[in-house]
Ligand code: SF4
Ligand code: SF4
(Lines give C-alpha, C1' and ligand atoms only; values in the text may rest on other atoms or scores of the structure.)
(Ligands and ions follow the chains in the order given, each with its own letter.)
Protein backbone atom coordinates (compact mmCIF):
# COMPACT_ATOMS: atom_id res chain seq x y z
CA UNK A 1 0.00 0.00 0.00
CA UNK A 2 1.09 3.54 -0.69
CA UNK A 3 -0.37 5.08 2.43
CA UNK A 4 -0.83 3.35 5.80
CA UNK A 5 -4.15 1.48 5.98
CA UNK A 6 -5.44 2.98 9.27
CA UNK A 7 -4.88 6.50 7.90
CA UNK A 8 -6.65 5.68 4.65
CA UNK A 9 -9.56 4.18 6.58
CA UNK A 10 -9.78 7.22 8.83
CA UNK A 11 -10.01 9.57 5.87
CA UNK A 12 -12.53 7.29 4.10
CA UNK A 13 -14.70 7.08 7.24
CA UNK A 14 -14.72 10.87 7.60
CA UNK A 15 -15.70 11.40 3.97
CA UNK A 16 -18.41 8.75 4.15
CA UNK A 17 -19.79 10.25 7.38
CA UNK A 18 -20.04 13.75 5.85
CA UNK A 19 -21.64 12.34 2.71
CA UNK A 20 -24.23 10.38 4.71
CA UNK A 21 -25.11 13.55 6.58
CA UNK A 22 -25.58 15.31 3.24
CA UNK A 23 -22.82 17.88 3.86
CA UNK A 24 -21.85 19.50 0.55
CA UNK A 25 -18.70 21.28 1.60
CA UNK A 26 -16.33 19.98 4.26
CA UNK A 27 -12.63 19.91 5.04
CA UNK A 28 -10.45 16.90 4.25
CA UNK A 29 -7.11 18.58 5.00
CA UNK A 30 -6.56 21.73 7.07
CA UNK A 31 -3.55 23.79 6.05
CA UNK A 32 -2.62 25.36 9.34
CA UNK A 33 -0.12 28.21 9.28
CA UNK A 34 0.61 29.01 12.93
CA UNK A 35 3.12 31.66 11.85
CA UNK A 36 4.62 33.13 8.68
CA UNK A 37 8.14 33.72 9.91
CA UNK A 38 10.74 31.66 8.08
CA UNK A 39 14.48 31.02 8.20
CA UNK A 40 14.61 31.12 4.38
CA UNK A 41 13.41 33.69 1.85
CA UNK A 42 12.59 31.69 -1.26
CA UNK A 43 11.87 33.85 -4.30
CA UNK A 44 8.75 31.77 -5.16
CA UNK A 45 7.19 32.09 -1.70
CA UNK A 46 4.01 34.14 -1.55
CA UNK A 47 3.56 33.80 2.20
CA UNK A 48 6.56 35.75 3.44
CA UNK A 49 5.59 38.65 1.14
CA UNK A 50 1.82 38.67 1.55
CA UNK A 51 2.05 38.47 5.32
CA UNK A 52 5.15 40.65 5.75
CA UNK A 53 3.19 43.03 8.01
CA UNK A 54 2.22 40.22 10.40
CA UNK A 55 5.36 38.11 10.08
CA UNK A 56 6.11 38.43 13.81
CA UNK A 57 2.64 37.26 14.84
CA UNK A 58 1.77 33.71 15.83
CA UNK A 59 -1.49 31.89 16.42
CA UNK A 60 -1.91 30.94 20.07
CA UNK A 61 -1.79 27.17 20.57
CA UNK A 62 -5.44 27.04 21.64
CA UNK A 63 -6.52 28.87 18.44
CA UNK A 64 -4.62 26.33 16.34
CA UNK A 65 -6.34 23.44 18.09
CA UNK A 66 -9.72 25.17 17.94
CA UNK A 67 -9.33 25.71 14.19
CA UNK A 68 -8.67 22.01 13.68
CA UNK A 69 -11.64 21.10 15.85
CA UNK A 70 -13.92 23.53 14.03
CA UNK A 71 -13.31 22.29 10.50
CA UNK A 72 -12.77 18.72 11.78
CA UNK A 73 -10.51 17.71 8.89
CA UNK A 74 -9.06 14.22 9.43
CA UNK A 75 -5.65 15.48 8.34
CA UNK A 76 -3.77 18.66 9.28
CA UNK A 77 -0.85 19.96 7.29
CA UNK A 78 1.25 22.24 9.47
CA UNK A 79 2.88 24.80 7.23
CA UNK A 80 3.71 28.48 7.29
CA UNK A 81 6.30 30.06 7.29
CA UNK A 82 8.51 27.47 8.89
CA UNK A 83 6.45 25.61 11.50
CA UNK A 84 9.56 24.44 13.39
CA UNK A 85 10.04 28.09 14.40
CA UNK A 86 6.73 27.87 16.26
CA UNK A 87 7.82 27.62 19.91
CA UNK A 88 5.05 25.17 20.89
CA UNK A 89 5.24 23.01 17.78
CA UNK A 90 5.62 19.71 19.70
CA UNK A 91 2.60 20.55 21.85
CA UNK A 92 0.69 21.47 18.72
CA UNK A 93 1.49 18.12 17.11
CA UNK A 94 0.50 16.19 20.22
CA UNK A 95 -2.67 18.32 20.65
CA UNK A 96 -3.73 17.52 17.09
CA UNK A 97 -2.92 13.87 17.66
CA UNK A 98 -5.03 13.91 20.83
CA UNK A 99 -7.91 15.10 18.61
CA UNK A 100 -7.33 11.98 16.49
CA UNK A 101 -5.91 13.75 13.44
CA UNK A 102 -3.21 12.73 10.98
CA UNK A 103 -0.46 15.34 11.06
CA UNK A 104 1.89 16.38 8.27
CA UNK A 105 4.61 18.80 9.30
CA UNK A 106 5.84 20.67 6.20
CA UNK A 107 9.34 21.96 6.67
CA UNK A 108 12.41 23.18 4.84
CA UNK A 109 14.29 20.81 7.24
CA UNK A 110 16.84 23.35 8.48
CA UNK A 111 15.74 22.87 12.11
CA UNK A 112 14.67 19.27 11.78
CA UNK A 113 17.79 17.60 13.16
CA UNK A 114 17.60 19.86 16.20
CA UNK A 115 14.02 18.69 16.83
CA UNK A 116 15.00 15.07 16.19
CA UNK A 117 17.83 15.50 18.72
CA UNK A 118 15.22 16.52 21.32
CA UNK A 119 13.21 13.40 20.49
CA UNK A 120 16.33 11.30 20.87
CA UNK A 121 17.16 12.93 24.22
CA UNK A 122 13.69 12.11 25.49
CA UNK A 123 14.08 8.49 24.37
CA UNK A 124 17.43 8.28 26.13
CA UNK A 125 15.89 9.65 29.33
CA UNK A 126 13.18 6.99 29.18
CA UNK A 127 15.41 4.07 28.20
CA UNK A 128 19.17 4.73 28.00
CA UNK A 129 20.07 1.08 27.37
CA UNK A 130 17.82 0.86 24.31
CA UNK A 131 18.84 4.26 22.92
CA UNK A 132 22.60 4.17 23.42
CA UNK A 133 23.33 2.15 20.28
CA UNK A 134 21.21 4.52 18.17
CA UNK A 135 23.12 7.52 19.51
CA UNK A 136 26.40 5.83 18.54
CA UNK A 137 25.05 5.00 15.09
CA UNK A 138 23.93 8.58 14.47
CA UNK A 139 27.37 9.87 15.46
CA UNK A 140 29.09 7.35 13.21
CA UNK A 141 26.81 8.35 10.31
CA UNK A 142 27.72 12.01 10.88
CA UNK A 143 24.09 12.87 11.66
CA UNK A 144 24.74 13.89 15.26
CA UNK A 145 27.80 15.63 16.66
CA UNK A 146 29.82 14.02 19.45
CA UNK A 147 29.04 17.09 21.59
CA UNK A 148 25.29 16.66 21.05
CA UNK A 149 25.58 12.95 21.85
CA UNK A 150 27.30 13.89 25.10
CA UNK A 151 24.51 16.33 25.98
CA UNK A 152 21.90 13.64 25.28
CA UNK A 153 23.72 11.22 27.58
CA UNK A 154 24.04 13.77 30.37
CA UNK A 155 20.70 15.56 30.39
CA UNK A 156 20.30 18.57 32.60
CA UNK A 157 17.99 18.20 35.58
CA UNK A 158 15.27 20.60 34.39
CA UNK A 159 12.05 19.15 32.94
CA UNK A 160 12.54 18.01 29.37
CA UNK A 161 10.76 20.00 26.65
CA UNK A 162 7.82 18.34 24.88
CA UNK A 163 9.05 16.47 21.81
CA UNK A 164 7.68 15.23 18.51
CA UNK A 165 7.42 11.44 18.69
CA UNK A 166 7.24 8.98 15.83
CA UNK A 167 3.84 7.45 15.28
CA UNK A 168 2.11 6.08 12.21
CA UNK A 169 -0.17 9.18 12.38
CA UNK A 170 2.67 11.64 11.84
CA UNK A 171 4.73 12.48 8.73
CA UNK A 172 7.60 14.86 8.24
CA UNK A 173 6.94 16.49 4.86
CA UNK A 174 10.05 18.04 3.40
CA UNK A 175 10.06 20.61 0.67
CA UNK A 176 12.49 19.63 -2.12
CA UNK A 177 12.33 21.21 -5.57
CA UNK A 178 15.22 19.31 -7.17
CA UNK A 179 18.69 17.92 -6.61
CA UNK A 180 21.34 19.99 -4.86
CA UNK A 181 22.02 22.77 -7.36
CA UNK A 182 18.40 23.32 -8.35
CA UNK A 183 17.00 23.06 -4.85
CA UNK A 184 19.57 25.39 -3.31
CA UNK A 185 18.94 27.85 -6.14
CA UNK A 186 15.19 27.61 -5.59
CA UNK A 187 15.55 28.45 -1.87
CA UNK A 188 18.41 30.88 -2.50
CA UNK A 189 20.80 29.31 -0.01
CA UNK A 190 23.63 26.82 -0.40
CA UNK A 191 23.65 23.76 1.80
CA UNK A 192 19.88 23.45 2.28
CA UNK A 193 19.62 20.30 0.13
CA UNK A 194 22.43 18.57 2.03
CA UNK A 195 20.88 19.47 5.36
CA UNK A 196 17.48 18.19 4.20
CA UNK A 197 19.07 14.87 3.18
CA UNK A 198 20.81 14.54 6.55
CA UNK A 199 17.52 15.30 8.31
CA UNK A 200 15.71 12.65 6.24
CA UNK A 201 18.37 10.05 7.07
CA UNK A 202 18.20 10.86 10.78
CA UNK A 203 14.38 10.81 10.80
CA UNK A 204 14.33 7.39 9.13
CA UNK A 205 16.83 6.01 11.66
CA UNK A 206 14.57 7.29 14.44
CA UNK A 207 11.64 5.42 12.87
CA UNK A 208 9.70 8.39 11.48
CA UNK A 209 7.61 8.40 8.31
CA UNK A 210 8.96 10.93 5.82
CA UNK A 211 7.31 12.39 2.73
CA UNK A 212 8.46 15.11 0.37
CA UNK A 213 6.65 17.78 -1.60
CA UNK A 214 7.88 19.23 -4.85
CA UNK A 215 6.65 22.25 -6.79
CA UNK A 216 7.23 22.25 -10.54
CA UNK A 217 8.06 25.59 -12.15
CA UNK A 218 8.68 26.65 -15.72
CA UNK A 219 12.41 26.03 -15.35
CA UNK A 220 12.02 22.61 -13.65
CA UNK A 221 13.77 19.76 -15.47
CA UNK A 222 11.39 16.81 -15.14
CA UNK A 223 14.19 14.27 -15.74
CA UNK A 224 15.87 15.72 -12.66
CA UNK A 225 12.67 15.31 -10.62
CA UNK A 226 12.64 11.65 -11.61
CA UNK A 227 16.26 11.37 -10.43
CA UNK A 228 15.19 13.06 -7.21
CA UNK A 229 12.54 10.37 -6.65
CA UNK A 230 15.13 7.64 -7.24
CA UNK A 231 17.53 9.30 -4.81
CA UNK A 232 14.79 9.73 -2.19
CA UNK A 233 13.83 6.09 -2.73
CA UNK A 234 17.38 5.15 -1.75
CA UNK A 235 16.90 7.08 1.50
CA UNK A 236 13.69 5.17 2.31
CA UNK A 237 11.34 8.14 1.84
CA UNK A 238 7.74 6.95 2.12
CA UNK A 239 5.99 9.07 -0.50
CA UNK A 240 5.86 12.25 -2.53
CA UNK A 241 3.41 14.93 -3.52
CA UNK A 242 3.90 16.90 -6.68
CA UNK A 243 2.13 20.06 -7.78
CA UNK A 244 2.60 22.66 -10.49
CA UNK A 245 3.54 26.09 -9.14
CA UNK A 246 0.93 28.72 -9.74
CA UNK A 247 1.64 32.39 -10.21
CA UNK A 248 -0.70 34.11 -7.84
CA UNK A 249 0.28 37.76 -7.97
CA UNK A 250 2.16 38.04 -4.68
CA UNK A 251 4.50 35.16 -5.48
CA UNK A 252 5.30 35.99 -9.05
CA UNK A 253 9.00 36.40 -9.65
CA UNK A 254 8.58 36.95 -13.37
CA UNK A 255 5.72 36.64 -15.82
CA UNK A 256 7.05 33.48 -17.44
CA UNK A 257 8.18 31.61 -14.34
CA UNK A 258 4.89 29.95 -13.43
CA UNK A 259 3.14 27.54 -15.73
CA UNK A 260 0.18 28.04 -18.02
CA UNK A 261 -2.24 25.10 -18.33
CA UNK A 262 -0.67 24.11 -21.64
CA UNK A 263 2.77 24.18 -20.08
CA UNK A 264 1.61 22.10 -17.09
CA UNK A 265 0.21 19.43 -19.38
CA UNK A 266 3.45 19.35 -21.36
CA UNK A 267 5.57 19.09 -18.21
CA UNK A 268 3.37 16.45 -16.59
CA UNK A 269 2.85 14.11 -19.54
CA UNK A 270 5.10 11.59 -17.74
CA UNK A 271 3.21 11.78 -14.47
CA UNK A 272 0.85 8.82 -14.91
CA UNK A 273 3.84 6.59 -15.55
CA UNK A 274 5.50 8.05 -12.44
CA UNK A 275 2.37 7.19 -10.47
CA UNK A 276 3.01 3.53 -11.33
CA UNK A 277 6.76 3.63 -10.63
CA UNK A 278 7.13 5.94 -7.63
CA UNK A 279 5.18 6.21 -4.38
CA UNK A 280 3.28 9.36 -5.32
CA UNK A 281 0.55 10.20 -2.82
CA UNK A 282 -2.89 11.21 -4.02
CA UNK A 283 -5.06 9.82 -6.78
CA UNK A 284 -4.49 8.66 -10.37
CA UNK A 285 -7.44 10.86 -11.37
CA UNK A 286 -5.54 14.00 -10.35
CA UNK A 287 -2.50 12.70 -12.26
CA UNK A 288 -4.69 12.28 -15.38
CA UNK A 289 -5.83 15.87 -14.90
CA UNK A 290 -2.23 17.08 -14.73
CA UNK A 291 -1.42 15.08 -17.85
CA UNK A 292 -4.25 16.86 -19.69
CA UNK A 293 -6.41 13.73 -20.06
CA UNK A 294 -9.49 15.16 -18.32
CA UNK A 295 -11.05 18.20 -16.70
CA UNK A 296 -11.76 18.59 -12.99
CA UNK A 297 -13.65 21.25 -11.06
CA UNK A 298 -11.90 23.04 -8.22
CA UNK A 299 -12.84 22.03 -4.65
CA UNK A 300 -10.76 24.49 -2.68
CA UNK A 301 -13.26 24.33 0.21
CA UNK A 302 -11.92 20.83 1.03
CA UNK A 303 -8.39 22.06 1.83
CA UNK A 304 -8.93 25.31 3.73
CA UNK A 305 -6.15 27.48 5.12
CA UNK A 306 -6.17 29.01 8.59
CA UNK A 307 -3.50 31.49 9.66
CA UNK A 308 -2.83 34.44 11.97
CA UNK A 309 -5.41 36.56 10.17
CA UNK A 310 -8.20 33.99 10.07
CA UNK A 311 -9.61 31.56 7.50
CA UNK A 312 -8.16 32.54 4.17
CA UNK A 313 -10.79 32.58 1.41
CA UNK A 314 -11.35 31.30 -1.12
CA UNK A 315 -8.16 29.23 -1.20
CA UNK A 316 -4.51 28.74 -0.40
CA UNK A 317 -3.58 30.92 -3.39
CA UNK A 318 -6.16 33.70 -3.42
CA UNK A 319 -6.94 35.78 -0.35
CA UNK A 320 -10.04 37.89 -1.04
CA UNK A 321 -10.80 37.92 2.68
CA UNK A 322 -9.93 36.34 6.01
CA UNK A 323 -12.89 35.02 7.96
CA UNK A 324 -13.46 34.44 11.65
CA UNK A 325 -14.61 30.85 11.14
CA UNK A 326 -14.56 28.06 8.56
CA UNK A 327 -18.37 28.09 8.55
CA UNK A 328 -18.34 31.81 7.74
CA UNK A 329 -15.88 31.29 4.91
CA UNK A 330 -18.00 28.47 3.45
CA UNK A 331 -21.15 30.59 3.63
CA UNK A 332 -19.59 33.75 2.21
CA UNK A 333 -17.89 32.23 -0.85
CA UNK A 334 -19.49 31.63 -4.24
CA UNK A 335 -18.00 28.16 -4.67
CA UNK A 336 -19.70 27.57 -8.02
CA UNK A 337 -17.73 30.45 -9.50
CA UNK A 338 -14.42 29.01 -8.33
CA UNK A 339 -15.34 25.40 -9.13
CA UNK A 340 -15.80 26.27 -12.78
CA UNK A 341 -12.87 28.73 -12.77
CA UNK A 342 -14.95 31.69 -13.89
CA UNK A 343 -12.63 33.87 -11.86
CA UNK A 344 -9.85 35.01 -14.18
CA UNK A 345 -7.24 34.35 -11.48
CA UNK A 346 -8.06 30.64 -11.71
CA UNK A 347 -7.48 30.40 -15.43
CA UNK A 348 -4.25 28.41 -15.39
CA UNK A 349 -4.53 26.86 -11.95
CA UNK A 350 -4.11 23.08 -11.58
CA UNK A 351 -2.68 23.02 -8.07
CA UNK A 352 -2.91 20.06 -5.73
CA UNK A 353 -4.95 21.87 -3.06
CA UNK A 354 -7.70 22.82 -5.53
CA UNK A 355 -8.06 19.70 -7.63
CA UNK A 356 -6.76 16.68 -5.71
CA UNK A 357 -9.79 16.78 -3.36
CA UNK A 358 -12.12 16.79 -6.39
CA UNK A 359 -10.45 13.59 -7.54
CA UNK A 360 -10.36 11.93 -4.13
CA UNK A 361 -13.97 12.85 -3.30
CA UNK A 362 -15.15 11.52 -6.66
CA UNK A 363 -16.78 14.81 -7.71
CA UNK A 364 -17.80 14.52 -11.36
CA UNK A 365 -16.34 11.01 -11.38
CA UNK A 366 -16.41 8.85 -14.49
CA UNK A 367 -17.22 5.17 -14.53
CA UNK A 368 -14.19 3.24 -13.31
CA UNK A 369 -12.63 6.13 -11.34
CA UNK A 370 -13.47 4.61 -7.97
CA UNK A 371 -11.86 1.28 -8.82
CA UNK A 372 -8.84 3.06 -10.28
CA UNK A 373 -8.42 5.11 -7.08
CA UNK A 374 -8.86 2.04 -4.88
CA UNK A 375 -6.28 0.02 -6.84
CA UNK A 376 -3.81 2.92 -6.76
CA UNK A 377 -4.20 3.17 -3.01
CA UNK A 378 -4.58 -0.47 -1.97
CA UNK A 379 -2.51 -2.14 -4.68
CA UNK A 380 1.17 -2.94 -4.15
CA UNK A 381 3.41 -0.02 -3.34
CA UNK A 382 5.72 0.76 -6.30
CA UNK A 383 9.26 -0.52 -5.85
CA UNK A 384 11.62 2.20 -6.93
CA UNK A 385 14.35 0.90 -9.27
CA UNK A 386 17.51 2.39 -7.81
CA UNK A 387 20.43 3.58 -9.88
CA UNK A 388 23.26 5.98 -9.06
CA UNK A 389 22.15 9.60 -8.97
CA UNK A 390 24.48 12.59 -8.72
CA UNK A 391 22.35 14.23 -6.10
CA UNK A 392 25.14 16.42 -4.73
CA UNK A 393 25.84 18.14 -7.99
CA UNK A 394 26.81 21.65 -6.93
CA UNK A 395 30.57 21.30 -6.63
CA UNK A 396 33.59 19.02 -6.69
CA UNK A 397 32.25 17.20 -3.66
CA UNK A 398 29.68 15.48 -5.88
CA UNK A 399 28.74 12.10 -4.52
CA UNK A 400 26.60 9.23 -5.60
CA UNK A 401 23.93 7.43 -3.59
CA UNK A 402 24.83 7.08 0.07
S1 SF4 B 1 10.87 27.66 3.16
FE2 SF4 B 1 8.69 27.71 2.62
S3 SF4 B 1 7.80 29.32 3.92
FE4 SF4 B 1 10.03 29.59 3.96
S5 SF4 B 1 10.44 31.11 2.39
FE6 SF4 B 1 10.68 29.08 1.45
S7 SF4 B 1 8.66 28.58 0.57
FE8 SF4 B 1 8.38 30.30 2.03
S1 SF4 C 1 -8.77 27.16 -9.23
FE2 SF4 C 1 -9.27 26.85 -7.06
S3 SF4 C 1 -7.29 26.55 -6.02
FE4 SF4 C 1 -6.88 27.46 -8.03
S5 SF4 C 1 -6.77 29.68 -7.66
FE6 SF4 C 1 -8.91 29.19 -8.26
S7 SF4 C 1 -10.01 28.83 -6.33
FE8 SF4 C 1 -7.80 28.74 -5.89
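The values are calculated or read from the model by the stated rules, or taken from the named source; none is laboratory data. Keep in mind that what you see is a predicted model, and the values were worked out from it rather than measured. For neighbour counting, all protein chains shown are included, and Cβ atoms are generated from backbone atoms with ideal geometry for every residue, glycine included.
The sole residue among 237, 216 that is away from ligand 2 (no atom under 16 Å from the Cβ) and farther than 24 Å from residue 337 by Cβ is 237. There is no residue in segment 90-102 that is more than 16 Å from ligand 2 (Cβ to nearest atom), under 30 Å from residue 185 (Cβ atoms) and buried (at least 16 other Cβ atoms within 10 Å of the Cβ). Considering segment 248-285, the residues that are more than 30 Å from residue 379 (Cα to Cα), surrounded by fewer than 20 Cβ atoms within 10 Å (Cβ to Cβ) and modelled with pLDDT of 75 or more include one that is nearest to ligand 2 (Cβ to nearest atom), namely 261. The sole residue among 22, 17, 81 that is in a loop (DSSP other than H, G, I, E, B), out of contact with any helix residue (DSSP H, G or I) (no Cβ under 8 Å at 6 or more places or on another chain) and either away from ligand 2 (no atom under 16 Å from the Cβ) or within 24 Å of residue 301 (Cβ to Cβ) (or both) is 22. Out of the residues in segment 141-167 that are more than 19 Å from residue 130 (Cα to Cα) and modelled with pLDDT under 95, state the one that is surrounded by the fewest Cβ atoms within 10 Å (Cβ to Cβ). The residue in question is 157. Residue 377 meets the conditions (1) modelled with pLDDT of 90 or more; (2) part of a helix (DSSP H, G or I) in every case but one. The failed one is (1).
Among residues of segment 334-361 that are over 18 Å from residue 25 (Cβ atoms) and touching a residue at least 12 places away in the same chain (Cβ under 8 Å), those with a Cβ under 6 angstrom from a residue that is within 16 Å of ligand 1 (Cβ to nearest atom) and assigned to a loop (DSSP other than H, G, I, E, B), sequence gap 6+ or separate chain, pair up as 349/246; 351/246.
Consider segment 233-247 and keep the residues that are free of Cβ contacts under 8 Å to residues at least 60 places away in the same chain and surrounded by 17 or more Cβ atoms within 10 Å (Cβ to Cβ). The one that is nearest to residue 104 (Cα to Cα) is 240. Return yes when residue 389 is within 16 Å of ligand 1 (Cβ to nearest atom) and either surrounded by 19 or more Cβ atoms within 10 Å (Cβ to Cβ) or at pLDDT 95 or above (or both) and no when it is not. So residue 389 does not fit the description; no. Looking at segment 184-199 only, could you name the residues that are touching a helix residue (DSSP H, G or I) at 6+ places or on another chain (Cβ under 8 Å) and within 11 Å of ligand 1 (Cβ to nearest atom)? Answer for segment 184-199, where residues must be touching a helix residue (DSSP H, G or I) at 6+ places or on another chain (Cβ under 8 Å) and within 11 Å of ligand 1 (Cβ to nearest atom): 192, 196. Restricting attention to segment 359-371, the residues that are assigned to a helix (DSSP H, G or I), surrounded by fewer than 17 Cβ atoms within 10 Å (Cβ to Cβ) and in contact with a helix residue (DSSP H, G or I) (Cβ under 7 Å, 6 or more places away or on another chain) total 0. When residue 70 is tested against the conditions (1) more than 28 Å from residue 203 (Cα to Cα); (2) within 15 Å of ligand 1 (Cβ to nearest atom); (3) modelled with pLDDT of 95 or more, the lone failure is (2). For segment 25-35, the candidate set comprises residues that are touching a strand residue (DSSP E or B) at 6+ places or on another chain (Cβ under 8 Å) and either free of Cβ contacts under 8 Å to residues at least 60 places away in the same chain or in a loop (DSSP other than H, G, I, E, B) (or both); within that set, the residue that is farthest from ligand 2 (Cβ to nearest atom) is 34. Are any residues in segment 36-63 part of a helix (DSSP H, G or I), free of Cβ contacts under 8 Å to residues at least 60 places away in the same chain and more than 16 Å from ligand 2 (Cβ to nearest atom), and if so, which ones? 48, 52, 53, 61, 62, 63, listed by residue number.
Please work out which residue is modelled with the lowest pLDDT, limiting yourself to segment 349-367 and to residues that are within 9 Å of ligand 2 (Cβ to nearest atom) and out of contact with any strand residue (DSSP E or B) (no Cβ under 8 Å at 6 or more places or on another chain). Among those residues, the one meeting the criterion is 349. Among the residues of segment 287-305, are any loosely packed, with under 15 Cβ neighbours inside 10 Å and in contact with a strand residue (DSSP E or B) (Cβ under 8 Å, 6 or more places away or on another chain)? Scanning segment 287-305, I find no residue that is loosely packed, with under 15 Cβ neighbours inside 10 Å and in contact with a strand residue (DSSP E or B) (Cβ under 8 Å, 6 or more places away or on another chain), so the answer is no.
Out of the residues in segment 338-348 meeting the condition of being at negative phi and at pLDDT below 95, tell me which one is nearest to ligand 2 (Cβ to nearest atom). This residue is 346.
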